[in-house]
Amino acid sequence: MRLICTVEVNNRLCPSHNLASSKSKGRGGHATLTLGRKPGSDSKEGMVFLMMCTAKDKTGTKYKLKGNVGQIFGRFVQEGKATIRFHQPEHDICISKADPINLKALLSAVKLAHHGQEMSRAQVSTLTPARASQVEPPKTKMTVSKRKDYPLTKSFPSSLLELRINHCTLNRIDTRILGLKHLKLLDMSDNNIRALPETIGELKCLADLNMSNNQLTELPGKFFQSTLRNSLQSVDLSHNRLSRLPNQLCACVDLVSVKLDSNQLSGLPPSIGLLRKLRFLTATRNHITLLPASFLKLQLETVDLFENPFLEDGPSTLTGNLTFPSLLEISARVVKKHRLHYTEEDLPRTLISYLDVAKRCLCGQLCFENFVRFLARLDLHRLAHTVTAVDSQGRTHAPLEAYLCSEACSAKYRKHPAGFWK
């Protein structure tokens with residue numbers, strides 16, 4: 001029986017000088033715990049030991065089990081934590097980061113060995129020095145900066161938390177990467193990737209995605225409707241060929257940083273105001289002419305919209321007609337208001353497209369066809385602490401495309417145009 005975990009050994013005789021399997025104070029080291037008998041001992045009568053092997057001691061330290069276990073602390077075994085207290089030597093083996101099922105099995109076998117009860121071959125084996133792969137800490141970071149170093153025959157370590165693959169002229173994302181369930185950071189900048197697979201949402205823990213300096217032309221909407229909407233915090237899509245962003249991007253409500261510099265974007269997603277945690281936004285050198293109305297809802301630390309062809313200031317006249325909303329629009333408002341979940345299996349594609357173009361009135365209500373539109377002048381200092389000028393003249397304001405959903409909102413705007421949306 002073998003258990004891979006983190007172990008810290010505490011010497012009760014010298015509480016101020018804990019014996020740990022790593023030199024770092026208060027931290028455990030990666031180790032392998034094995035239950036077995038010494039080579040050459042009788043399979044039935046040989047004494048059972050618990051052997052602890054580390055990267056520095058592959059031959060292992062052996063602890064006799066029969067009548068030598070003082071206590072087992074297993075209150076947090078479901079979290080992969082437990083402590084085994086020995087009489088001789090007076091050590092406490094503190095186990096953490098273990099598989100709960102395997103840990104339970106090990107503790108059960110330790111109890112049997114302590115009481116001298118018969119054990120099966122599955123529980124007890126012959127003790128041998130650990131292999132390097134069994135005691136080395138799992139690899140959590142990997143960087144590939146040359147094409148010749150890219151792993152073609154070897155798999156990516158399943159324990160990876162951070163993966164950086166740069167300057168490798170890749171045209172697509174390797175499907176093996178999509179199987180890294182613990183990955184939190186994926187940096188594939190400076191490649192030739194043309195599209196993101198929809199299945200990238202299988203990276204349930206991904207918090208930081210960097211796809212800058214590639215050849216991306218579009219992003220799949222399903223990409224942002226996956227489990228990523230609960231984990232993604234930073235995305236860098238700068239220096240690509242994106243002409244639009246799907247409105248589904250705004251479903252990733254935990255986004256803190258978004259970089260969109262040097263693309264071909266004609267605008268920002270209409271619902272960008274839903275990103276209440278967004279603090280850093282850069283979208284320089286695009287083709288943005290107007291900011292969406294919901295942009296007013298953002299509370300940013302830094303915003304940079306330099307070198308975009310924003311429309312010149314003009315009269316803030318209302319355009320459009322207000323009538324009684326249709327049954328289709330009323331139904332769409334209810335779906336959006338209550339955040340009802342729907343897929344392509346539930347609704348025709350035309351209705352899904354209709355729902356995706358929702359406009360938000362400055363009062364907070366959604367509208368689809370029944371609205372009036374106007375342009376407002378937005379000083380970016382109202383939304384951010386640090387503002388970069390939008391042009392070489394030093395201007396820090398930009399035109400805002402706003403909507404009014406009813407006669408009441410329209411009348412309020414006419415009465416006080418400058419104060420309605422403050």
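The table below lists the values:
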read-out	value
Shape parameters for the stretch 209-305, alpha-carbon atoms, Rg then Dmax in Å	12.0, 32
Karplus-derived 3J(HN,Hα), 6.51/-1.76/1.60, for each residue of the stretch 397-405, Hz, glycine and proline x	10, 9, x, 10, 8, 10, 9, 10, 9
Accessible area per residue in Å² at 1.4 Å probe, computed on the chain	54 Å²
Solvent-accessible surface (1.4 angstrom probe) belonging to Ser406, in square angstrom, nearest 10	40 Å²
Compactness relative to 2.2 N^0.38 Å, alpha carbon Rg of the stretch 102-171	1.85
Descending Cα extents along the principal axes, the stretch 116-221, whole Å	67, 32, 21
Amide hydrogen neighbours beyond the local backbone of Val256, cut-off 5 Å, H modeled	Ser234
Neighbourhood charge, 13 Å Cβ-Cβ cut-off, centred on Lys336 and excluding it, Lys, Arg +1 and Asp, Glu -1	+3
Relative contact order [Cα under 8 Å, 6+ residues apart], the stretch 320-392, whole percent	39 percent
Per-residue SASA entry for Asp149, accessible area with 1.4 Å probe, Å² rounded to 10	90 Å²
Percentage relative contact order, the chain, counting C-alpha pairs under 8 Å, at least six apart	8 percent
Additional length obtainable on full extension of the chain from Tyr150 to Gln88, 0.36 nm per residue less Cα span	17.4 nm
Estimated vicinal HN-Hα couplings, Hz - the stretch 51-56 in sequence order (Karplus 6.51, -1.76, 1.60; Gly, Pro = x)	9, 10, 10, 10, 5, 8
Amide H within-cut-off set for Leu366, under 5 Å, with H built and near neighbours excluded	Cys361
For the stretch 49-143, alpha-carbon Rg over 2.2 N^0.38 Å	1.15
The stretch 177-315, relative contact order in percent, only Cα pairs under 8 angstrom and at least six apart counted	17 percent
Kirkwood hydrodynamic radius of the chain, from inverse mean 1/r over distinct Cα pairs, in Å	26.2 Å
Rounded accessible area of Ser331 (nearest 10 Å², 1.4 Å probe)	60 Å²
Potential extension, Arg244-Glu301 segment - 0.36 nm per residue separation minus Cα distance	18.1 nm
Potential lengthening between Thr386 and Lys204 on full extension [0.36 nm per residue; Cα-Cα distance subtracted]	62.3 nm
Whole-percent carbon and sulfur share, accessible surface of the chain, 1.4 Å	51 percent
Computed label-point distance, nm, for sites Arg12 and Ser120 using a 7 Å Cα→Cβ extension	3.2 nm
Span per principal axis, largest first, for the Cα atoms of the stretch 239-368 (Å)	42, 38, 27
Whole-Hz couplings from phi, Karplus 6.51/-1.76/1.60, listed for the stretch 212-226; x for Gly and Pro	5, 6, 10, 10, 5, 10, 7, 10, x, x, 5, 4, 8, 9, 7
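The values are calculated or read from the model by the stated rules, or taken from the named source; none is laboratory data. Please read all numbers here as calculations on a predicted model, not as lab measurements. Virtual Cβ from ideal backbone geometry, glycine too; neighbours counted across all protein chains shown. Ligands, DNA and RNA are excluded from the accessible area calculation, which covers all protein heavy atoms including side chains. Shrake-Rupley method; radii C 1.70, N 1.55, O 1.52, S 1.80 Å.
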